[in-house]
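Participant: Below are the structure tokens for one structure; questions will follow.
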Amino acid sequence: MTTRWTRKDLLGLRELSADQINFVLETADAFKEVGTRQIKKVPALRGKTLVNFFVEPSTRTRTSFELAAFRLSADVINISASDSSLTKGETLKDTARNLEALHADILVLRHGSAGAPQFLASRLKASVINAGDGAHEHPTQALLDLYTIRERRGKIDGLHVAIIGDILFSRVARSNIFGLLKLGARVTLVGPSTLVPREFEKLGVEISYKIDDVLPKVDVVNLLRIQHERQRREYFPGLGEYTRLFGLTKERAKLLKPDCLIMHPGPINRGVEIDSDVADGVQSVILDQVTNGLAVRMAVLFLCGGISTE
Ligand code: CP
């Protein structure tokens, strides 16, 4: 295994160097090519077992990790909270140790609690891949976002990216901030002051509460949905008000540079943070993000899965 990758786990982008992030993106280039072949399968993880353990709902991340594992010839088991013994009082640690006793080599974990993947990674020999932990990090989402920007614009360094919406409760925002800054982008956060607190400036980003001032200046906008499932009180008067002040409406989209990329990690709330026609328009790369997620997750599984046996 190359010295550019020595980690059995992927827990977040905060802990990765720019060189490690670039290495994942370069590895994903090779796996994207595999997806264009008639036989879209390689034997890289043959004989390995991957457990997709999702304690929170998911469409994109769970499906693309499963497909990525199939394409790498791994055996895959899917477990969700409702059909696991977590419902009978078993702890996360005991559940994970039982999965390891069944010789799981890679555990892909989505969990509502920040730090859950780290907790297991320090206790298991298996590789642990964070598929989103609370409002903390969602590293593979940020990696596929970086991949998509780099694919479309040829670089990350020097680009200006606006992340718009519910930053406070967004693991996607945090992982994107770490990744974008490490690769040399300028990042501006936009949203209601209740959801974009000034503390984020300590990470090295800029903050604006005036979306119409920011849109004409940026190369990429990444829109986030309101994460109602994590909010314990009201952070703005209502969804109509949110759309009026911060939604990427058709009128607002006219402020963007013609080559500005419109991104969204999904799931989209059409008509709230983004107009439906804008989401499906020519500047949108939302479905490219999903496609690229497969190659990026193949790269992550290949790199971390290779370490777990050494
Ligand atoms: N972007 C993302 O994490 O989507 P899912 O919740 O559908 O996995």
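The values are calculated or read from the model by the stated rules, or taken from the named source; none is laboratory data. Predicted model only: the values in this text are computed from it and were never measured. Every residue, glycine among them, receives a Cβ derived from its backbone with ideal geometry; neighbour counts consider all protein chains shown. Keep in mind that these areas ignore ligands, DNA and RNA; they rest on the heavy atoms of the full protein, side chains included. Shrake-Rupley method; radii C 1.70, N 1.55, O 1.52, S 1.80 Å.
Participant: Considering only residues that are of a type outside the set (A, V, I, L, M) and away from the ligand (no atom under 16 Å from the Cβ), look in region 148-159 and name the one that is surrounded by the fewest Cβ atoms within 10 Å (Cβ to Cβ).
Facilitator: Checked region 148-159; the qualifying residue surrounded by the fewest Cβ atoms within 10 Å (Cβ to Cβ) is GLY154.
Participant: Tell me, which residue of region 239-255 that is part of a helix (DSSP H, G or I) and touching a helix residue (DSSP H, G or I) at 6+ places or on another chain (Cβ under 7 Å) is farthest from LEU215 (Cα to Cα)?
Facilitator: By that ranking, first place goes to LYS250.
Participant: Just one of (1) under 27 Å from LYS93 (Cβ atoms); (2) out of contact with any Phe, Trp or Tyr (no Cβ under 9 Å at 6 or more places or on another chain); (3) surrounded by fewer than 21 Cβ atoms within 10 Å (Cβ to Cβ) trips up ARG14, so point out which.
Facilitator: (2)
Participant: One residue is enough: does region 226-238 have a residue meeting the conditions in a loop (DSSP other than H, G, I, E, B), at pLDDT below 95 and either more than 30 Å from ALA114 (Cα to Cα) or within 16 Å of the ligand (Cβ to nearest atom) (or both)?
Facilitator: yes
One line per residue, one yes/no per condition, for (1) closer than 28 Å to LYS217 by Cβ; (2) touching a Gly at 6+ places or on another chain (Cβ under 8 Å); (3) in a helix (DSSP H, G or I):
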position	(1), (2), (3)
LYS257	yes, no, no
GLY266	yes, no, no
ASP277	yes, no, yes
VAL282	yes, no, no
LEU287	yes, no, yes
ASN292	yes, no, yes
MET298	no, no, yes
LEU301	no, no, yes
GLY305	no, no, yes
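Participant: Run down ASP145, ASP94 and say which single residue is open to solvent by less than 20 Å² (accessible area, probe 1.4 Å), of a type in the set (D, E, K, R) and not in a loop (DSSP other than H, G, I, E, B).
Facilitator: Among ASP145, ASP94, only ASP145 is open to solvent by less than 20 Å² (accessible area, probe 1.4 Å), of a type in the set (D, E, K, R) and not in a loop (DSSP other than H, G, I, E, B).
Participant: If you check ASP145, ASP105, ASP133, which single one turns out to be closer than 22 Å to ASP29 by Cα, modelled with pLDDT of 95 or more and acidic (Asp, Glu)?
Facilitator: ASP145
Participant: Any idea which of (1) away from the ligand (no atom under 16 Å from the Cβ); (2) within 23 Å of the chain's Cα centre (by Cα); (3) farther than 23 Å from LEU144 by Cα; (4) without any contact (Cβ under 8 Å) to a residue 12 or more places away in the chain is the one SER276 doesn't satisfy?
Facilitator: Failed condition: (3).
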